[in-house]
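Okay, so here's the structure we're looking at.
The values are calculated or read from the model by the stated rules, or taken from the named source; none is laboratory data. Every value quoted in this text rests on a predicted model; they were computed, and no experiment measured them. FYI the Cβ positions are ideal-geometry reconstructions off the backbone, even for glycines, and counts take in every protein chain you see. Remember, those area values only see protein heavy atoms, side chains included, never the ligands or the DNA or RNA. Shrake-Rupley method; radii C 1.70, N 1.55, O 1.52, S 1.80 Å.
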Amino acid sequence: IGDFRIALHRVRRHGHMAELLLTFGLSFVVLETVQLVWGRSALDYRVPQLLEGPIVTVLGIAFPAYRAFMMLVSLAMLALLAWLLTGTRLGLLIRAALSQPHMVESLGHDLPRIHMAVFAVGCALAGLAGVIGGNTYVTEPGMALSLGALVFVVVVIGGVGSLAGAFAASL
């Protein structure tokens, strides 16, 4: 695990784009491993009965209740992240760790632990997105590959590290 940490430190030295590209490349390795272990077939993943059907019908066009639920959860996560990053001391520490890592370390904070925590929260949010979006898209091992390029483009166009830019690019 020590060699892995050294390799990650070398990648981190080259900036966020190198980290993003490494993550994108690792997704291909993880996808192939998942397909080797569990196969390539899709899962039967249905919308909860409470959220089936339209929530509103306008001019004969029905808007599904589950889509409204997805939008509500997405906006709630965006608001929570925006508040966390701009309105809390933890958010200040995270932003400082991105822009002035040496200063954050010199103040006594554990920079690798901060990066690990941010990565863990990102993984949890990706998992939440997979659970919520699994009903809308075909839930199968290649789901990340089909959506990964789109997410990559949204992050790059929105600006790496910009929550508002990623939101604007996603629209």
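Observations, loosely collected:
- Residues located in the range 33-57, provided they are out of contact with any Asp or Glu (no Cβ under 6 Å at 6 or more places or on another chain) and among the aliphatic types (A, V, I, L, M): Val34, Leu36, Val37, Leu43, Val47, Leu50, Leu51, Ile55, Val56
- So Leu85, is it at pLDDT 85 or above, surrounded by 12 or more Cβ atoms within 10 Å (Cβ to Cβ), among the hydrophobic types (A, V, I, L, M, F, W, C) and touching a Lys or Arg at 6+ places or on another chain (Cβ under 7 Å): yes
- Every listed requirement among (1) within 30 Å of Leu111 (Cα to Cα); (2) of a type outside the set (Phe, Trp, Tyr); (3) in a strand (DSSP E or B) is met by Val56 save one, (1).
- Elements of type helices (runs of 4 or more DSSP H) contained in the range 98-170, each with 2 or more residues being of a type outside the set (A, V, I, L, M) and open to solvent by less than 50 Å² (accessible area, probe 1.4 Å): 111-133, 143-158
- Options Asp44, Asp3: the member that is modelled with pLDDT under 80, in a helix (DSSP H, G or I) and open to solvent by 90 Å² or more (accessible area, probe 1.4 Å): Asp3
- Only one of Gly148, Gly133 that is modelled with pLDDT of 80 or more and farther than 21 Å from Leu85 by Cα: Gly133
- Residue check for Gly60: exposed (fewer than 10 other Cβ atoms within 10 Å of the Cβ) and of a type outside the set (A, V, I, L, M, F, W, C): yes
- Near pairs, Cβ below 7 angstrom, 6+ apart or cross-chain, from the range 129-155 (under 23 Å from Leu51 (Cα atoms) and touching a residue at least 40 places away in the same chain (Cβ under 8 Å)) to any residue that is among the β-branched types (Val, Ile, Thr) and part of a helix (DSSP H, G or I): Ile132/Val73
- Pairing residues of the range 33-48 that are acidic (Asp, Glu) with residues that are open to solvent by less than 90 Å² (accessible area, probe 1.4 Å), at Cβ distances under 9 Å and at least 6 apart in sequence or on separate chains, gives Asp44/Thr139.
- Total residues in the range 19-30 satisfying the condition of being surrounded by 13 or more Cβ atoms within 10 Å (Cβ to Cβ), closer than 11 Å to Gly148 by Cα and hydrophobic (A, V, I, L, M, F, W, C): the figure is 1.
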